[in-house]
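Worksheet: one structure, shown below.
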Amino acid sequence: MSKRKRCIDDRRSASSCRGLDRRTFLAAATGLASTSWLASTTKGAVSTPAPAASVAPETLAIEGGKPVRAKMLEAKLSGPQYYDDEERRELVEVLDNRSPFRWWGLDALGHPPDKCINFEKEFAAHQQTKYCIAVTSGTTALMTALAALEVGPGDEVILPAWTWYACYDAIVALGGLPVFAEVDESMNIDPADIERHITPHTKVIMAVHILGAPADLDPVLALAKRRKLKVLEDCAQSVGVTYKGKPVGSLGDCGIYSFQVNKTISPGEGGAVVTSDPYLFERAARFHDCGMLRTGHAQVLGQPARMQMFTSCQYRMSEFTAAVLRAQLRKLDRIVGDFHDKTTRVLAGIRDLPGISFRKQNDPEGGLGNWVFIRTSGKAQRDQFIAAMRAENVNAEPMGGSVILPIAPHIEKKQTLQPDWPSFTSPRGKAIQYGAAACPRTMEVYDRYAGIPMDPKFTDEEVADIIGAVRKVYPAVMKA
Ligand SMILES: Cc1ncc(COP(=O)(O)O)c(C=O)c1O
């Protein structure tokens, strides 16, 4: 393709484009000029079309034209960008009190450490659940939740083929058998593909809310109820996301979160398990803490303990981690609001492009808005789009942050720590076959989407540059 003479808005004729340069249009389209149109797009009205507008014809940067930006635009990690005196004050309190361990020590006034226990109360309240247990990571949260749900050797857990290693690892670590279902165009588990994987050994459906957007929980929950299965929501990548008005993690039997540094809020590492079921809470509290139910958790349980000590693990969170998390949690809704604001404006600025379509949303209001995913015809077109966007100095990427697990070599080969691992010694464990045949649709979905990572602190000008780059690149690549 050479020398594209194109109006930014294909609905208008080339002659009408001449009077308005790209900066002028983008200023109007993104709020630099503070239009009332913008006000109408920032409250979730993503279907509002951009105003009729035009731009000087431009050659794509990948073909030698001037890039939209001089420097590459990349999204930064969200949580640490919001660090300020609140995190500092919480951390210093732990230092000054010399109380880094949640169950030991008294401050100068004789108070026990309270960062973890308070974070648990505050996070449970935020997620609208009765209980929360703070743990060291999302991976240990998954293991704790699966242990609470009594997953062990002989049990099968259905999970999406596109998710992070931890989802598979946690099932195998407990001796369970991972069984993959396809994802749909929302990149989340396809509820219609779950039932065919259910056997008499299935115990749990792991609904992962991937890349900041909720899985379609209503049909998953209905199926689980009908087939008497438990639902574990993995919200590691979706802290701050809701589904039909409810926080993710509060709809299934158990929910887990990660606070690793790529996630919405973060002290570096950390995780949490939530549930409203006292039995699951007691099992989870014991599993993450050497089989014990400490006084602090016994008080939260608020009823007599129902079980004895059992063999378990130690995944307790430190007071330092909880200190930072308490401050971050107070900012979570602001971070989500900032993501929404930027993403809504980008969508409003590009959705009128002829033929453009986006990742399917199971709840358009509930997503985090940390990505804008544009649909292409497949790998070749996706890669062209990504290369052309990067040449404009606006980052774009294929779907990331997860792995098509059935085709990961060690999973396809069912490699485990030790050859007789219980996951794969049952007849079904021996028979199960992973690999490409287990997830052809997931592989297609993966090839189709190009994503623009969003930053909650993008400036108006950066939002304008994203819109400008997509408006310049998308029509050209789609017509190529
Ligand atoms: C879907 C999902 N589940 C679980 C985890 C594990 O979280 P962590 O890295 O905190 O152990 C991750 C991490 O990225 C994840 O993406």
_Condition first: touching a residue at least 40 places away in the same chain (Cβ under 8 Å) and buried (at least 16 other Cβ atoms within 10 Å of the Cβ). Now tell me which residues in the stretch 399-415 satisfy that._
399, 401, 402, 403, 404, 405, 406, 411
_Being surrounded by fewer than 24 Cβ atoms within 10 Å (Cβ to Cβ) and either under 26 Å from residue 429 (Cα atoms) or modelled with pLDDT under 95 (or both) is the filter here; which residues of the stretch 195-219 pass it?_
195, 196, 197, 198, 199, 200, 201, 202, 203
*Taking the stretch 170-201, which residues are more than 30 Å from residue 420 (Cβ to Cβ) and more than 15 Å from the ligand (Cβ to nearest atom)?*
182, 184, 185, 190, 191, 192, 193, 195
_Criterion first (under 23 Å from the mean Cα position of the chain (by Cα), within 26 Å of residue 374 (Cβ to Cβ) and exposed (fewer than 14 other Cβ atoms within 10 Å of the Cβ)) does residue 451 satisfy it?_
no
*Of the numbered conditions (1) surrounded by fewer than 17 Cβ atoms within 10 Å (Cβ to Cβ); (2) over 30 Å from residue 80 (Cβ atoms); (3) not polar (S, T, N, Q), residue 261 satisfies every one except a single condition; which is it?*
(2)
*Name the residue, out of 280, 293, 223, 301, that is out of contact with any Phe, Trp or Tyr (no Cβ under 7 Å at 6 or more places or on another chain) and more than 30 Å from residue 191 (Cα to Cα).*
293
*Only one of 303, 299, 314 is without any contact (Cβ under 8 Å) to a residue 60 or more places away in the chain and in contact with a Pro (Cβ under 8 Å, 6 or more places away or on another chain); which?*
303
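Being of a type outside the set (S, T, N, Q), buried (at least 21 other Cβ atoms within 10 Å of the Cβ) and part of a helix (DSSP H, G or I) is the requirement here; does residue 366 meet it?
no
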*Counting residues that are within 23 Å of the chain's Cα centre (by Cα) and of a type in the set (Gly, Ala, Ser), which strands (runs of 3 or more DSSP E) fully inside the stretch 125-226 reach at least 1?*
131-135, 177-181, 202-208
*asked:* So if I check each of 274, 204, which one is closer than 15 Å to residue 129 by Cα and more than 12 Å from the ligand (Cβ to nearest atom)?
replied: 274
_Any residue at all in the stretch 380-390 that's buried (at least 20 other Cβ atoms within 10 Å of the Cβ), not basic (Lys, Arg) and not assigned by TED's automatic domain parsing to the domain that holds residue 344?_
no
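The values are calculated or read from the model by the stated rules, or taken from the named source; none is laboratory data. Since this is a predicted model, take the numbers as computed values, not measurements. Backbone-built Cβ (ideal geometry, glycine too); neighbour counts: all protein chains shown.
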